[in-house]
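What follows is a set of notes on a single structure, which appears directly below.
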Amino acid sequence: MSKYRRIQWLSLLPCVLSSVPTSACAGVKAGTAVIDITPINLPVLVNGGFTSRTIGTIKSRLQARAVVLSSEQTSLAIVVVDTCMMSRDFLDETKTHIAARTGIPQDHLLISATHTHSAPSAMACLGTELDSDYVPYLRNQLIEVVERAQSHMVWAEAGFARIAAPQLTASRRWILRPDRIGTDPFGNRTVRANMHPSTDPEELIGETGPEDPELSLLALRTTEGRPLAVLANYSMHYFGDSDISADYFGLFCEGLQKQLSNDGACVAILSHGCSGDIWRRDYGRPETWRPETSIESYAAEMVDLANRALSSMTYQKISDLQMIERRLPLRYRVPDQQRLEWARRIVAELGDRLPQTPAEIYAREQIHLHEWQQTEVVIQALRIGEIAIVTTPCETYAITGLKLKAASPFPDTMVIELANGGDGYIPPPEQHLFGGYNTWAARTAGLEVQAEPKITENAIELLEEISGRQRRDTELPIGPASTAILKLAPIRWWRLNEFRGPIAVDSGPCHKDAWYEPAVTFALDGPDSEAFCGPNERNRALQFVGGRVRTRLPEIKTSWTVCLWIRNGLIDTLREETGWFCSRDHDHGLTRFGEHLGLGGTSGNEGKLIYQFGRDSTHRIAGQTRIDRWTWYQVSLVRDGESVQIYLNGKLEAEGAAPMVTIDEMFFGGRSDLVSSWEGRLDEIAIFDRALSSSDLEALFNAARLQPGTQTSD
């Protein structure tokens, strides 16, 4: 542990010690309730879209579902509401009334939204105003549901289960080709990535981030074994339904409830996982879209998975019950003077009319942000025995949920988003570079660029506090392919498994870190996980969108080897060179020397490996195998004096000669002069201070194929 982390941890000890009960918890009681929150007066305003709309037909009932837990030391409540979003001001006021009526402290109340896009507008956003007739009714129902849950408490025990459901979720935010950059509402060409992109995969490079396929379930039952409640959590934004509807969230709850108890005594709840950038369709594989899949069949498949996970669940007495809250001040990204004048001019022309065009909608949002300047967000953490729940008040990306789960000191952690507020999208800082509507400054995405790391760090600190333990180390375990790399003693080995920059950690014996330049994204799927990290682990990779990994290698002299895994995302008929993924370069006066490894394009050797020495293509070595897009390959570049060899998947692909130069700076994911940067992923970069033999390189590739069924593509 670094000196800084030791000091930071020691500073938490007084809080940690004061939060741990002095005696073991005698037991915990639980109570549950469900209340109807379907609007009485129709039609209603419905938010969740860019422009305002009203709905006057009810397809399915909306509910608020509550669980109250109480021990000798504390009481808390968890409420999940079939609505799109709720503001912190509204929830703070509601919590004040709940606390007065129930005695549960206001900071021990967790209230979150399911994020259905077909419910009355409980919060104004973009082109939709608040439904002022509905909100008082909703407030009263939320107070009532907690009171009801508290009124019939019984002794309880808890269990936790998880099951993978990757077929039900996928990234909905994709990187567009560099020639397809779009224009934002402010008139600037900034949209390199967007939600729900083109349905033509050739328009796309790859996802901007990972998904979280885990369906997690916290179950409560009486000490006699009668089911009380199941709180589920899943990261899929919403299905999309017509009329007033609880969306798939409500259907899941109804379906699971019927499975768990005939009399409806067991309450099923589905909370919203981190899914700001997640939906149900894989835009990279339109052939896998299931247009015939209905919302009913989607929910039924999830119910089946939940039942399978619950069937093997074990329950234990709840030994500890705690909850803490932190209120974090954050700034808004307010408009500069030029944008503010632009916004005021457009809003003045609107008059009393609601905005309709993107420019009108976002002009009005600039006025709001200018008036507000800053805000406060609520973050909570609670423990139920060795089960943790942590919250964010935003539409949080899946990678943020993965960060929290990976760092949590608890063996089982659930992350609930849109809890205790509706503070809009919080993209990780690197995502702001790529634009898209989830980054455009508005009430739905207006927090400062550093909001995501600040919220994440505060949430982890809260988990440390209620556990009395440090956060977990997120270093990857070693699988057979990784073991093979280490046996050959690399002088650098970057696994590129970080959730954030700017440091690429060297996992080899030398511990020489590299640096991430901006315009990369993190935690995408890498080549076969079992081979590189072992069972039940996820090998992650870096996605390049103009940035690079940059390092110095003074140890490299006349003989050396670079071995790495590549996954190209760009069609190979677009540019003269599809992209360069490994480059060494240095200036010597007016002459520029360098050597570069990449994929050919329209200038020749289309889609094939190419090695180039010098400024132009007069000295080039090319391979014979066409590299398929969105497929993982192992590539090695071997230098032995003036001899150059290129290996593809452990086999010699091309060889030739090139003059030797002394260069100690190396780039991955782009060329040194930024010409035709790599548009794709890289992973497991290993560098050796000698020319590896063909048998060494073949062994490295074969080690990545040791596991049955291992493939080199996703």
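Overview of values
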| read-out | value |
| --- | --- |
| Condition broken by ASP689, with the remaining ones in (1) buried (at least 20 other Cβ atoms within 10 Å of the Cβ); (2) in contact with a Lys or Arg (Cβ under 9 Å, 6 or more places away or on another chain) satisfied | (1) |
| Residue within the range 536-547 that is over 30 Å from GLU417 (Cβ atoms) and buried (at least 22 other Cβ atoms within 10 Å of the Cβ) present | no |
| Close pairs (8 angstrom Cβ cut-off, 6 or more residues apart or separate chains): without any contact (Cβ under 8 Å) to a residue 60 or more places away in the chain in the range 320-337, among the basic types (Lys, Arg) and open to solvent by 60 Å² or more (accessible area, probe 1.4 Å) anywhere | none |
| Qualifying residue in the range 327-344 (condition: in contact with a strand residue (DSSP E or B) (Cβ under 8 Å, 6 or more places away or on another chain) and within 27 Å of VAL28 (Cβ to Cβ)) | yes |
| Pairs where the first residue, in the range 184-201, is among the aromatic types (Phe, Trp, Tyr) and the second is surrounded by 11 or more Cβ atoms within 10 Å (Cβ to Cβ), C-beta under 7 Å, 6+ apart | PHE186/ARG339; PHE186/TYR362 |
| Residues of the range 35-72 satisfying the condition of being under 17 Å from GLN106 (Cβ atoms) and either out of contact with any helix residue (DSSP H, G or I) (no Cβ under 7 Å at 6 or more places or on another chain) or among the hydroxyl-bearing types (Ser, Thr, Tyr) (or both) | LEU69, SER70 |
| Any hit, the range 130-142, residues being in contact (Cβ under 8 Å) with a residue 40 or more places away in the chain, of a type in the set (Ser, Thr, Tyr), farther than 30 Å from GLU72 by Cα and assigned to a loop (DSSP other than H, G, I, E, B) | no |
| Residue pairs meeting the criteria (Cβ under 6 Å; at least 6 apart or on separate chains; first within 15 Å of GLY31 (Cα to Cα) and assigned to a strand (DSSP E or B), in the range 62-73; second of a type in the set (Lys, Arg) and open to solvent by 10 Å² or more (accessible area, probe 1.4 Å)) | SER70/LYS29 |
| Failed item, numbered, when ARG333 is tested on (1) within 27 Å of the chain's Cα centre (by Cα); (2) under 16 Å from GLY187 (Cβ atoms) | (2) |
| Cross-chain or 6+ apart pairs with Cβ under 9 Å, the range 203-232 first and touching a residue at least 60 places away in the same chain (Cβ under 8 Å) and of a type in the set (Lys, Arg), then part of a loop (DSSP other than H, G, I, E, B) and open to solvent by 10 Å² or more (accessible area, probe 1.4 Å) | ARG221/TYR315 |
| Cross-chain or 6+ apart pairs with Cβ under 9 Å, the range 353-376 first and within 9 Å of PRO185 (Cβ to Cβ), then open to solvent by 60 Å² or more (accessible area, probe 1.4 Å) and of a type in the set (Asp, Glu) | GLU360/GLU349 |
| Checking GLN257 against (1) within 30 Å of LYS95 (Cβ to Cβ); (2) out of contact with any Phe, Trp or Tyr (no Cβ under 9 Å at 6 or more places or on another chain); (3) in contact (Cβ under 8 Å) with a residue 24 or more places away in the chain, the condition it does not meet | (3) |
| Matching residues in the range 525-542 - criterion: being touching a residue at least 24 places away in the same chain (Cβ under 8 Å), over 13 Å from GLU684 (Cβ atoms) and of a type outside the set (D, E, K, R) | GLY534 |
| Residue in the range 363-382 that is assigned to a loop (DSSP other than H, G, I, E, B), at pLDDT 95 or above and closer than 28 Å to HIS117 by Cα present | yes |
| Residue satisfying condition, being surrounded by 15 or more Cβ atoms within 10 Å (Cβ to Cβ), β-branched (Val, Ile, Thr) and under 26 Å from SER198 (Cα atoms), within set ILE318, ILE367, ILE361, ILE346 | ILE361 |
| Scope the range 597-619; condition more than 18 Å from SER677 (Cα to Cα) and either hydroxyl-bearing (Ser, Thr, Tyr) or part of a strand (DSSP E or B) (or both); matching residues | THR618 |
| Verdict on VAL675 being in a loop (DSSP other than H, G, I, E, B), among the β-branched types (Val, Ile, Thr), open to solvent by 30 Å² or more (accessible area, probe 1.4 Å) and touching a residue at least 12 places away in the same chain (Cβ under 8 Å) | yes |
| Criterion violated by ARG280 - all others in (1) modelled with pLDDT of 95 or more; (2) within 30 Å of ALA229 (Cβ to Cβ); (3) not hydroxyl-bearing (Ser, Thr, Tyr) satisfied | (1) |
| All positions within the range 68-111 that are open to solvent by 20 Å² or more (accessible area, probe 1.4 Å), in contact with a strand residue (DSSP E or B) (Cβ under 7 Å, 6 or more places away or on another chain) and under 15 Å from VAL377 (Cα atoms) | ARG88, ASP107 |
| Any helices (runs of 4 or more DSSP H) falling wholly within the range 392-504 and containing at least 2 residues that are polar (S, T, N, Q) | 451-467, 480-487 |
| Every pair of residues 6+ apart whose Cβ atoms lie under 6 Å, when the first sits in the range 688-714 and is at pLDDT below 50 while the second is part of a helix (DSSP H, G or I) | GLN707/GLU530; GLN707/ALA531; THR710/ALA531 |
| Unique residue being open to solvent by less than 20 Å² (accessible area, probe 1.4 Å), closer than 25 Å to ILE610 by Cβ and not in a strand (DSSP E or B) when the list is ILE571, ILE556 | ILE556 |
| Hey, GLN150 open to solvent by 20 Å² or more (accessible area, probe 1.4 Å), among the polar types (S, T, N, Q), in contact with a helix residue (DSSP H, G or I) (Cβ under 9 Å, 6 or more places away or on another chain) and outside any strand (DSSP E or B) or not | yes |
| Single match in GLY598, GLY650 (criterion: buried (at least 20 other Cβ atoms within 10 Å of the Cβ), touching a Lys or Arg at 6+ places or on another chain (Cβ under 8 Å) and modelled with pLDDT of 95 or more) | GLY598 |
| When residues of the range 45-61 are limited to those that are assigned to a strand (DSSP E or B) and under 28 Å from the mean Cα position of the chain (by Cα), the one surrounded by the fewest Cβ atoms within 10 Å (Cβ to Cβ) | THR51 |
| Matching residues in the range 168-180 - criterion: being in contact with a helix residue (DSSP H, G or I) (Cβ under 8 Å, 6 or more places away or on another chain), farther than 29 Å from PRO335 by Cα and either among the polar types (S, T, N, Q) or surrounded by fewer than 19 Cβ atoms within 10 Å (Cβ to Cβ) (or both) | SER171 |
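Residue-by-condition table, conditions (1) of a type in the set (S, T, N, Q); (2) over 24 Å from the mean Cα position of the chain (by Cα):
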site: VAL81; (1), (2): no, no
site: MET85; (1), (2): no, no
site: ARG88; (1), (2): no, no
site: THR94; (1), (2): yes, yes
site: SER112; (1), (2): yes, no
site: PRO136; (1), (2): no, yes
site: ARG172; (1), (2): no, no
site: ARG177; (1), (2): no, no
site: GLY182; (1), (2): no, no
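The values are calculated or read from the model by the stated rules, or taken from the named source; none is laboratory data. Just so it is clear, the model here is predicted, and its values are computed rather than measured. A quick note on method: Cβ atoms are made from the backbone with ideal geometry, for glycine too, and the neighbour counts reach across all protein chains shown. Protein only, heavy atoms only, side chains kept; ligands, DNA and RNA dropped before computing areas. Shrake-Rupley method; radii C 1.70, N 1.55, O 1.52, S 1.80 Å.
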